[in-house]
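Here's the structure we're looking at; comments come further down.
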Amino acid sequence: MDHIDTQPLSEEIKIPMPWGHVSGKWWGPKCKQPVIVIHGWQDNAGSFDTLIPLLPTDIAFLCLDLPGHGLSSHYPAGQFYYIFWDGLTVVRRIVEHFKWKNITIMGHSLGGAIGFLYAATFPDDIDKLISLDIISPAVREVQKIVNLTGESIDKFLKYEHLKPDSIPCYSYDEMIDLVFDAYRGSLTRTSSEILMKRGMSRARDGEEDRYHFSRDVRLKVPGLGFLSIDIVLEYASKITCEVLNIKGIPGMRFDRPEYYHLVLDKMRESASKLEFYEVEGTHHLHLNNPERICQYIIWCIRRTLVLSTPSPHYKDSATRQGCVIFPLFYILTARFDLWKW
């Protein structure tokens with residue numbers, strides 16, 4: 001599909017945090033409680049720049065930059081990134097900051113894992129969880145978790161000791177090529193450019209066409225804080241909200257792909273409703289091909305939503321740019337798990 005520049009449709013916000021701020025993109029009415037939208041590891045709020053314009057204009061969405069990502073503040077020197085637990089705490093801080101109730105979370109990859117933890121930890125405070133190509137925090141075998149500890153600490157210290165002038169810089173084209181290659185086919189080149197709108201910064205040396213990544217380099221070390229399958233299943237058993245899970249085919253590669261459905265089945269036992277769809281696409285199908293999944297998300301959000309006064313931009317079509325209704329191929333090949341039979 002041809003993507004357009006969606007930036008003018010959103011507003012930049014900053015949410016104060018003890019170490020600085022969390023940045024975000026607010027789409028839709030400011031007078032309404034938004035769907036909290038969370039990106040994947042080392043991505044940023046721009047990950048949803050092609051999906052949100054296909055969703056209802058009268059619904060607000062707050063796309064976050066997690067700490068150290070995008071335009072958000074980096075952690076202070078000496079502070080490790082425990083990506084799952086940090087995200088859980090940040091979302092709780094934001095919910096309490098705005099005094100929101102009965103929230104909806106939509107997350108891709110790491111963002112979906114954070115939503116999973118929130119739904120399990122605060123089951124009375126969340127109505128819906130929408131997860132894109134993820135089921136839970138990354139599951140690791142106990143032996144692997146133990147063996148990674150020393151390596152993770154040493155890598156973290158190495159990155160922490162890097163001096164600003166030792167961080168590599170690239171031209172714009174080199175940066176996009178680097179990102180496109182690093183994601184190994186998960187991103188199109190266009191999607192890479194979209195992510196880098198807030199994923200890179202101009203170098204401080206004054207050269208016009210020199211950039212470096214805006215994310216904290218210490219994020220490259222996520223090895224502490226992983227979970228074993230028994231812990232993940234226990235968290236899954238606590239989720240009682242409505243769940244929509246969309247898995248890309250082939251999507252992301254997992255060490256133990258059978259765990260995906262094991263956790264899904266455990267969630268089905270307690271969730272008030274669970275829908276599961278498999279849709280052709282890469283791990284970043286929400287960014288590359290948002291028209292393939294937008295209708296599922298609209299169905300989920302609209303199902304029990306009580307709308308306040310519509311925004312002036314509300315249209316009967318109920319989409320920002322007109323969601324492409326699913327081709328018959330995607331309808332027929334999706335896997336449906338509706339309600340708890």
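Straight-line cross-link partners of K25 among the aspartates and glutamates, defined as a Cα under 13 Å from its Cα and at least 8 positions apart when in the same chain: E11, E12, D49, D65. The computed Cα extents along the principal axes in Å for the structure shown corresponds, within [x] 56, 48, 41; [y] 52, 42, 41; [z] 79, 41, 38, to [x].
Please compare each pair in K99/K238; K14/K101; K101/K273; K30/K155; K155/K247 to a cut-off of 30 Å on the Cα-Cα distance and tell me which ones are over it. Before the final figure, lay out each step's value.
Values: K99/K238 23 Å; K14/K101 20 Å; K101/K273 19 Å; K30/K155 42 Å; K155/K247 32 Å.
Long pairs (Cα-Cα over 30 Å): K30/K155; K155/K247.
Distance from the C-alpha centroid of the stretch 5-76 to that of the stretch 141-211: 20 Å, rounded to the whole angstrom. Which of rounded, prolate or oblate describes the stretch 6-137 when judged by the alpha-carbon gyration tensor and an a/c cut-off of 1.5? In terms of gyration-tensor shape, rounded.
Each of W100, W27 was scored by other Cβ atoms within 10 Å of its Cβ. Listed from fewest to most, they are W100, W27. Ignoring aspartates and glutamates fewer than eight residues from K266 along the same chain, the ones with Cα atoms less than 16 angstrom from its Cα are D230, E234, E242, E258, E275, D337.
Couplings 3J(HN,Hα) for the stretch 170-184, derived from phi with the Karplus relation 6.51 cos²θ - 1.76 cosθ + 1.60 (θ = phi - 60°), are 9, 6, 4, 5, 5, 4, 5, 4, 4, 5, 4, 5, 5, 7, 6 Hz, where x marks Gly and Pro.
Close amide-amide hydrogen proximity is noted between I103 and I126, D127, each under 5 Å apart and 5 or more residues distant or on a separate chain (H modeled in the peptide plane; Pro and chain starts excluded). Here the relative contact order of the stretch 1-124, from alpha carbon pairs under 8 Å that lie six or more residues apart, stands at 28 percent.
Taking Rh as the Kirkwood radius, which is the inverse of the mean 1/r over Cα pairs, what is the Rg/Rh value for the stretch 135-246?
Working: Rg = 18.5 Å, Rh = 17.2 Å.
Expressed as Rg/Rh, it is 1.08.
Karplus-based coupling profile of the stretch 220-232, in residue order and whole Hz: 5, 10, x, x, 9, x, 6, 10, 8, 5, 5, 5, 4, with θ = phi - 60° in 6.51 cos²θ - 1.76 cosθ + 1.60 and x standing for Gly or Pro.
At full extension, V146 and S237 could sit 30.2 nm farther apart than now, given 0.36 nm per residue minus the alpha carbon distance. Among D58, D165, D127, the residue with the largest mean-square fluctuation in a Gaussian network model of the chain, with springs joining Cα atoms closer than 10 Å, is D165. Residue-wise HN-Hα couplings along the stretch 80-89, as the Karplus relation 6.51 cos²θ - 1.76 cosθ + 1.60 with θ = phi - 60° gives them from phi, are 7, 9, 9, 4, 5, 6, 4, x, 4, 5 Hz; Gly and Pro carry x. Counting only DSSP beta bridges whose two residues both lie in the chain, roughly 35 percent are antiparallel.
Listed by chain and number, the lysines whose alpha-carbon sits under 16 Å from that of K158, ignoring those within fewer than 8 places in the same chain, are K220. Amide H contacts for V37 (H built 1.01 Å from N in the peptide plane; partners 5 or more residues away or on another chain; cut-off under 5 Å): L62, C63, L64, M106.
Neighbouring Cβ atoms within 10 Å as the yardstick, rank S166, S228 fewest first.
Details: S166 7, S228 14.
With the sparsest Cβ surroundings first, the list reads S166, S228.
Placing a label point 7 Å from the Cα of D154 along the Cα-to-Cβ direction, no residue of the stretch 219-248 has a backbone N closer than 12 Å. In the stretch 213-238, whose amide N lies under 20 Å from the spot 7 Å out along Cα-to-Cβ of L178? List them in ranges. Residues 213-222 qualify, since their backbone N sits under 20 Å from the label point. The label point for K197 and the one for W19, both projected 7 Å from the Cα toward the Cβ, are 2.7 nm apart.
In percent, what relative contact order does the chain have, based on Cα pairs under 8 Å that are 6 or more apart in sequence?
On the way: 640 pairs, mean separation 70.2, N = 341.
Result for the chain is 21 percent.
Annotation: amide H of F276 within the under-5 Å range of N245, D337, sequence separation 5 or more or interchain, hydrogens built in the peptide plane.
Remark: K101, K273 ranked as K101, K273, counting other beta-carbon atoms within 10 Å and listing the fewest first.
Looking at the square roots a ≥ b ≥ c of the eigenvalues of the Cα gyration tensor of the stretch 192-242, which shape do they give, rounded for a/c under 1.5, prolate if a/b is larger than b/c, or oblate? Prolate, because a/c is 1.5 or more and a/b exceeds b/c.
We did not get these values from a lab; they are worked out from the coordinates using the rules stated. Every value quoted in this text rests on a predicted model; they were computed, and no experiment measured them. As a convention, Cβ positions derive from the backbone with ideal geometry for all residues, glycine included, and neighbour counts pool all protein chains shown.
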